[in-house]
Amino acid sequence: MVYMAPSIHQLQDAWMPELPEVETLRADLDREILGHSFMQAEVIQSRMTRGQGLEEIAHRIRGQVVRAIGRRGKFLLVHLSSEDTLLLHRGMSGNILLELRRDPVKEHQHMSLELDDGRFLTVYDPRGFGEIRVLDPAAVAERLALMGPEPLGPAFSAEYLARRWASRTAPLKTLLLNQSMVAGLGNIYADECLWAAELSPSRPAGAVSLAELATLRHRIQEVLSEAIECRGTTFSDAMDLYGRPGTYQHHLQVFHRAACPRCRGQIQQIRVANRGTSLCPACQR
DNA sequence: CGCGAGACCTGATAGC
DNA sequence: TGCTATCAGGTCTCGC
């Protein structure tokens, strides 16, 4: 069966919360709301709270000062003066926006937090695959316990990948998307990194040499760093804290492209790990 | 335990 | 135009 890639138009209203997009959000929040307090908190829907009560979440946010903003993989962590942490995940379609005034609650709005200067931090997520919870330090640690190393951190090495992937038969891409192997890669950046490393997404992970893993690790760090500099990937809709797009979509080399920029061959669309996958069959082995 | 398929949702689009 | 089928950037769980 042939997997037909959607046209670029089908992606127009999509926004992509992988590591670079969440990191952009973290840095902006750090600049904008660090040291501010939440005067009011309203949690509107229960779909993303994993059973935590709406009023409990609101109560634990209300009156708290923002002590630090962190990120782990695709999780955004707003550390509060109470020692609690507001844990946010954008899922497939979540947007977190800083708004200058109070607007009526919109469709798909999940949360509205009023800051001490009259601005509002709001969360929208049509598909509701994201997560909104307030957790104590032990619960945060438990939630993040299985996450692999940060790809831009010191623990992420070729030797680490070799150890974790030894004798694994799953496709490379499947394990790159597995957050317990490495934290923060999603479908777009997995494809981009594999193209940059000239590795096939369907190669059994255990069959990749240490030298190839070293290249892969290096390319992952390059791709993510450049994407962060570009404030992430956006096709047209709002994406950062201010509703503005990133620019990395102009730097994509393989994801949903027609021709390979390296060899001019045709980009192939297949399915790996049940996900649409773009690759250059000539370059990627 | 590792692996793959399907589920969870809503919205956009292509095709009839 | 209005229906249906298919697709979507992320996890999570289930069965083999």
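The values are calculated or read from the model by the stated rules, or taken from the named source; none is laboratory data. Just so you know, these numbers come straight off a predicted model, no measurement behind them. FYI the Cβ positions are ideal-geometry reconstructions off the backbone, even for glycines, and counts take in every protein chain you see. Ligands, DNA and RNA are excluded from the accessible area calculation, which covers all protein heavy atoms including side chains. Shrake-Rupley method; radii C 1.70, N 1.55, O 1.52, S 1.80 Å.
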_For A:GLY246, only one of the following conditions fails: (1) open to solvent by 50 Å² or more (accessible area, probe 1.4 Å); (2) more than 14 Å from DNA strand B (Cβ to nearest atom); (3) in a loop (DSSP other than H, G, I, E, B). What is its number?_
(1)
*Starting from segment A:209-221, take each residue that is touching a residue at least 60 places away in the same chain (Cβ under 8 Å) and list its partners that are not hydroxyl-bearing (Ser, Thr, Tyr), counting only C-beta distances under 7 angstrom and pairs at least six apart or across chains.*
A:ARG217/A:PHE156; A:ARG217/A:ALA158; A:ARG217/A:LEU161; A:ILE220/A:PRO151; A:ILE220/A:CYS193; A:GLN221/A:PRO151; A:GLN221/A:LEU152
*asked:* Restricting to segment A:124-179, count the residues that are closer than 22 Å to A:CYS193 by Cβ, away from DNA strand B (no atom under 16 Å from the Cβ) and hydrophobic (A, V, I, L, M, F, W, C).
replied: 4
*Checking A:ARG47 against (1) closer than 15 Å to A:GLY130 by Cα; (2) at pLDDT 95 or above; (3) in contact with a helix residue (DSSP H, G or I) (Cβ under 8 Å, 6 or more places away or on another chain), the condition it does not meet*: (3)
*Quick one: in segment A:99-127, of everything that is touching a strand residue (DSSP E or B) at 6+ places or on another chain (Cβ under 6 Å) and of a type in the set (A, V, I, L, M), which residue is surrounded by the fewest Cβ atoms within 10 Å (Cβ to Cβ)?*
A:VAL123
*asked:* From the list A:LEU213, A:LEU194, A:LEU252, exactly one residue is part of a loop (DSSP other than H, G, I, E, B) and among the aliphatic types (A, V, I, L, M). Which is it?
replied: A:LEU252
*Assuming A:PRO137 fulfils every condition listed in (1) free of Cβ contacts under 8 Å to residues at least 60 places away in the same chain; (2) under 20 Å from the mean Cα position of the chain (by Cα) apart from one, which condition is it?*
(2)
*Among the numbered conditions (1) assigned to a loop (DSSP other than H, G, I, E, B); (2) away from DNA strand C (no atom under 12 Å from the Cβ), tell me where A:TYR160 comes up short.*
(1)
*Of all residues in segment A:41-87, how many are of a type in the set (Gly, Ala, Ser), buried (at least 18 other Cβ atoms within 10 Å of the Cβ) and in contact (Cβ under 8 Å) with a residue 40 or more places away in the chain?*
2
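Given the structure, is A:VAL134 in contact with a His (Cβ under 6 Å, 6 or more places away or on another chain) and not in a loop (DSSP other than H, G, I, E, B)? Explain how you work it out, then say what you get.
Values: in contact with a His (Cβ under 6 Å, 6 or more places away or on another chain): no; not in a loop (DSSP other than H, G, I, E, B): yes.
It is false that A:VAL134 is in contact with a His (Cβ under 6 Å, 6 or more places away or on another chain) and not in a loop (DSSP other than H, G, I, E, B).
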*Identify all residues within segment A:169-212 that are open to solvent by 10 Å² or more (accessible area, probe 1.4 Å) and closer than 16 Å to A:LEU252 by Cβ; write none if there are none.*
A:ASN187, A:TRP195, A:ALA196, A:ALA197
*Flag for A:LEU76 being part of a strand (DSSP E or B), in contact with a Leu (Cβ under 8 Å, 6 or more places away or on another chain) and closer than 30 Å to A:ALA197 by Cα*: yes
*Quickly run through segment A:256-285 and pick out the residues that are in a loop (DSSP other than H, G, I, E, B) and open to solvent by 50 Å² or more (accessible area, probe 1.4 Å).*
A:ARG257, A:ALA258, A:ARG262, A:CYS263, A:ARG264, A:ASN274, A:PRO281, A:ALA282, A:ARG285
*Which ones in segment A:169-218 are closer than 20 Å to A:LEU19 by Cβ and charged (D, E, K, R)?*
A:LYS173, A:ASP191, A:GLU192, A:ARG217
*Could you run through segment A:232-243 and say how many residues are surrounded by 20 or more Cβ atoms within 10 Å (Cβ to Cβ), in contact with a Phe, Trp or Tyr (Cβ under 7 Å, 6 or more places away or on another chain) and assigned to a loop (DSSP other than H, G, I, E, B)?*
3
